[in-house]
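Colleague: The structure is given below, and queries will be raised subsequently.
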Amino acid sequence: MRMLVWLWVGLWAPGALAQAPAPAPAEAAPPRALRVAVMDFEVSDIDPTVARITSESLLQEIRKLERVSVISLDEVRAMLSLEEQRLMAGCEASSCLADIAGALGADVVVIGSLAKVGDEHVIGLRAIDQNEGAALGSYSARLTPAGGEEFLAAVGPAVAEIFPGRGLREGQTRGVSDEVALRLHPPPLDPWTVYSAGGVGAGFAALAVVGLGLNLLFGGVMSAAVADAGPDGGSTIDKRQLDALFTATNVSLGAAAVAGAGALAGFGGAALLALFTDWDGSRAASAQPE
């Protein structure tokens, strides 16, 4: 009887016993984000402001890449305690901070340079695999100087070159925005900025005049009271009133001095702003795209 049952199973449901559904394989965990440490640029004969803004733009451009976690040396420095910073004072900053970045678990270290060579500017970048000790990618270009904007224009292509095959995060576009370039060459100021600073200076000047006037008034009253004192030392006002006049005289003089300093700062600021002010609108018009 048992043999007949097995025979029936074999005839009508071939493979029923052998082809039982296998358990679904567990989904593989997504790979962790690539950890990248960006070193400071080595700078040669380049404006420090240009180097700083280019470095910040490089960080932002790398952060656009998918599955990438970025840390800069400024962020590494911020993590250090004052004691650690003191201990590091005697070593080469780049090598010490590179070791710290490696200790933080960086998979890739990005190093770069900005330099002036003759009449050209040169940018160089390399991404180095910390585990393999080999370069993932490199980028080098000779650029026509354009006030630093040439470096910003090279950042996007450079990151694409040193991280080949790694796409952008959703919604990101490659390249440094035009707004960043404005930080290199701020637009000329409007005349109202000068007028505002001058108005502040004038306001403080008026307060200084009031303070000096009160100082003279209180000082005159106190001097008159002292002059009216009789042979026995008596006076038309008592000692408490005299002390109040003395205090008022000193306070008014101090207030006049503070207001005078504010007036100098306001007028000085207005004079400085005037150097960068577009008085006739010609620079603003020339800055507009055709």
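Colleague: Among residues belonging to segment 47-71 that are in a helix (DSSP H, G or I) and of a type in the set (Gly, Ala, Ser), point out the one that is nearest to Gly167 (Cα to Cα). Working first, answer last.
Modeller: Step one: filter segment 47-71 for residues in a helix (DSSP H, G or I), giving 48-63.
Then keep just the ones that are of a type in the set (Gly, Ala, Ser); that gives 51, 55, 57.
Details: Ala51: 26, Ser55: 21, Ser57: 18 Å.
Checked segment 47-71; the qualifying residue nearest to Gly167 (Cα to Cα) is Ser57.
Colleague: Another question, then. Please state which one of Phe204, Phe218 is in the same structural domain as Ala248 (by TED's automatic domain parsing), farther than 30 Å from Ile53 by Cα and either among the β-branched types (Val, Ile, Thr) or at pLDDT 90 or above (or both). Working first, answer last.
Modeller: Numbers: Phe218 fails: either among the β-branched types (Val, Ile, Thr) or at pLDDT 90 or above (or both).
Unique residue meeting the criteria: Phe204.
Colleague: Taking the criterion of being closer than 29 Å to Gly171 by Cα and modelled with pLDDT under 80, would at least one residue in segment 75-85 satisfy it?
Modeller: yes
Colleague: Just to be sure I understand, how many residues within segment 151-202 are surrounded by 13 or more Cβ atoms within 10 Å (Cβ to Cβ) and on the phi > 0 side of the Ramachandran plot?
Modeller: The qualifying residues number 1.
Colleague: Being out of contact with any helix residue (DSSP H, G or I) (no Cβ under 7 Å at 6 or more places or on another chain), in a loop (DSSP other than H, G, I, E, B) and closer than 30 Å to Ala257 by Cβ, is that true of even one residue in segment 210-228? Talk me through it step by step, then tell me what you get.
Modeller: Residues of segment 210-228 out of contact with any helix residue (DSSP H, G or I) (no Cβ under 7 Å at 6 or more places or on another chain): 210, 213, 216-217, 220, 223-224, 226-228.
Now drop any that are not in a loop (DSSP other than H, G, I, E, B), which leaves 228.
Still in the running and closer than 30 Å to Ala257 by Cβ: 228.
Yes, segment 210-228 has at least one match.
Colleague: Next question, about the same structure. Could you list all residues from segment 43-64 that are under 10 Å from Leu114 (Cβ atoms) and of a type outside the set (Val, Ile, Thr)?
Modeller: Of the residues in segment 43-64, the ones under 10 Å from Leu114 (Cβ atoms) are 43-47, 50-51, 54-55.
Ser44, Asp45, Asp47, Ala51, Ser55, listed by residue number.
The values are calculated or read from the model by the stated rules, or taken from the named source; none is laboratory data. On a predicted model such as this, the values are computed, not experimentally measured, just so you know. For neighbour counting, all protein chains shown are included, and Cβ atoms are generated from backbone atoms with ideal geometry for every residue, glycine included.
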